[in-house]
Amino acid sequence: MNLASPFSLCIVAMTLLAFLGLPIGHAMIAASIFYLWLAGLDMGTAAEQLLNGMYSNYIILAVPLFILAAELMNIGSMTERLLRFCDAIVGRFRGGLAQVNVLQSIVFAGMSGSAIADAAGTGKMMQQMMTANNKYRASYAAALTAVTAVIGPIIPPSIPMILYALVSDSSIGFLFLGGVVPGLLMAGAQMIIVGIQARRGNFPVEQPTPLRELPLITWRALPTIMMPVVLLGGIYSGITTPTEAAAVAAAYALVISAVLYRSVSWRDLYGSVLTSARTSASIGMLIAGALVFNYVVTVENIPESIKVLLNAWDLSPTTYLILVNILLLVLGCLLEGTTILLVVVPVLIPTAKALGIDLVHFGVVVVVNIMLGLITPPYGLLLFVMTRIAEVPVRDIVRDTLPFLFAMMAALALITFVPETVLWLPRLLGYQG
């Protein structure tokens, strides 16, 4: 590549702007306009790509709605009732409170679609429960909450899968279905590690919940537990589209928290809407920047050039998936996941298609890789979230995440090399890929 070419100078400009502190979405837009100017193209094309991409993709609307649903759950007592239910189920075993952390993430994953929302929603409460009376080290509790939050965007619904569907033109419904078994595999790997550590470390045993109280605890948590059923049932029965289901999820969370549980004040509601708007605006700018930059990438014919180069290497689908895993795991240490999904992944998709790799399988592998990037230093976003919540050094959290990270990488290998772990459930429900 010519170092003085418009595209090379565009990449340099984007890197410098991001390094100087400009948000990456803004940096992509500015660098793309710079490229259009250098290439002698109409700079108004940037606005055209941005507006057409943002307003013609109905699917994007699901992102702020799922974010709002997660915020509404956090301000109500839905999270508290969910944790009480999980504790009644698995809290009685050795290391039971640690197992509660994993179990609540499985259930919470079916509601929010965001790892950060999962960690922020239950993180503080789980941290307090696990560190009370010095039951668990603060760093271990924080590390466990961080790794369990990774499950959130793998089990549907999933904001990263929505973004992948946007760039790959894949079915959101089948992507959601494809994430169920891999998400449960990740959770199973975490539970096995907790079980081994519980025996070796003689983790505490919680006071068991009397069986006579279990029906009442279940009844109180039932509206919360039913949210994934309502959400996914609407999608797969054909009653709602995924975007409409996101709106239903937000409305359901509001009704349950405000009307049924009566645990939401007007101040809480205003705060949750404001937080959701800020988060959605941040993601929206990333999507906008990626749409404009991806136009530049298309003009330069980068995806096709990479496909031709890789075809010359005569890669097999398995070899290509291994290379993609390595690339995404490395990038996950350095870049934010949404940036990888919107900028890097579109370049990888044409080669995956050419090699005959199923795009639903490929999408789930991509999302799992990106989620693992949330707990890998130096950029692991979940590590920093839990550092703020637990007030412990990030190096201590990293140390305690390593056994879980290795176990989840083993699960990733299984998901990568055995496509049926992803495709079995979608094919059961009519997927023809």
Practice task
Report the equivalent ellipsoid semi-axes for segment 192-270 in whole Å, largest first, defined as the square roots of five times the eigenvalues of the gyration tensor built from alpha carbon atoms.
Solution key: 33, 20, 15
Practice task
Quick one: pull the percent of accessible area on the chain belonging to carbon and sulfur, 1.4 Å probe, ligands and nucleic acids left out.
Solution key: 67 percent
Exercise for the section: Mind checking which of GLN190, GLY238, THR376 is farthest towards the positive end of the chain's charge dipole, using Cβ charges of +1 (Lys, Arg) and -1 (Asp, Glu) about the Cα centre? Expected result: GLN190
Exercise for the section: Could you grab the relative contact order for segment 61-216? Cα pairs under 8 Å, six or more apart, rounded to a whole percent. Expected result: 32 percent
Exercise for the section: Per DSSP H run of at least 4 residues, take -39500 (n - 2.57); add these up for the chain, divide by its residues and hand me the 222 nm value, nearest 500 deg cm²/dmol. Expected result: -24000 deg cm²/dmol
Problem - Phi to ³J(HN,Hα) by Karplus 6.51 cos²θ - 1.76 cosθ + 1.60 over segment 282-299, Hz, x for Gly, Pro - result: 4, 5, x, 5, 5, 5, 4, x, 5, 4, 5, 5, 5, 5, 4, 4, 5, 4
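One-quarter of the Cα convex hull surface for segment 255-312, in nm²?
Taking the Cα atoms of segment 255-312, their convex hull projects to 6.7 nm² on average.
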Practice task
Please give the length that would be gained between LEU20 and ARG137 if that part of the chain were fully extended, namely 0.36 nm times their separation in residues minus their C-alpha to C-alpha distance (nm, one decimal).
Solution key: 38.4 nm
Problem - Amide proton proximity set for ASN57, modelled H, under 5 Å, gap of 5+ - result: none
Problem - Quotient of Cα Rg and 2.2 N^0.38 Å for the chain, N being how many residues it contains - result: 0.99
Problem - Two-decimal log10 I(q)/I(0) for segment 267-398, as the Debye equation yields it once each C-alpha is a single scatterer, q = 0.17, 0.18 Å⁻¹ - result: -1.01, -1.08
Problem - Over the chain, relative contact order from alpha-carbon pairs under 8 Å, at least 6 apart, % - result: 25 percent
Exercise for the section: Convert each backbone phi in segment 397-411 into a coupling constant with the Karplus relation 6.51 cos²θ - 1.76 cosθ + 1.60 (shift: θ = phi - 60°), then list the ³J(HN,Hα) values in order as whole Hz, x for Gly and Pro. Expected result: 5, 4, 4, 7, 7, 4, x, 5, 4, 5, 5, 6, 5, 5, 5
Practice task
Run a plain Debye calculation on segment 82-190 (Cα atoms as equal point scatterers, no solvent) and give log10 I(q)/I(0) at q = 0.12, 0.15 Å⁻¹, rounded to two decimals, same order as the q list.
Solution key: -0.41, -0.60
Practice task
Place +1 on the Cβ of every Lys and Arg and -1 on the Cβ of every Asp and Glu in the chain, take the dipole about the Cα centre, and give the residue among LEU405, ILE67, TRP37 whose Cα lies farthest towards its positive end.
Solution key: LEU405
Problem - Å² per residue, accessible surface of the chain at 1.4 Å - result: 43 Å²
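The values are calculated or read from the model by the stated rules, or taken from the named source; none is laboratory data. Source: prediction; values computed, not measured. Here Cβ is always computed from backbone atoms with ideal geometry, including for glycine, and neighbour counts include all displayed protein chains. Just the protein is used for accessible areas: all its heavy atoms, side chains included, with ligands, DNA and RNA removed. Shrake-Rupley method; radii C 1.70, N 1.55, O 1.52, S 1.80 Å.
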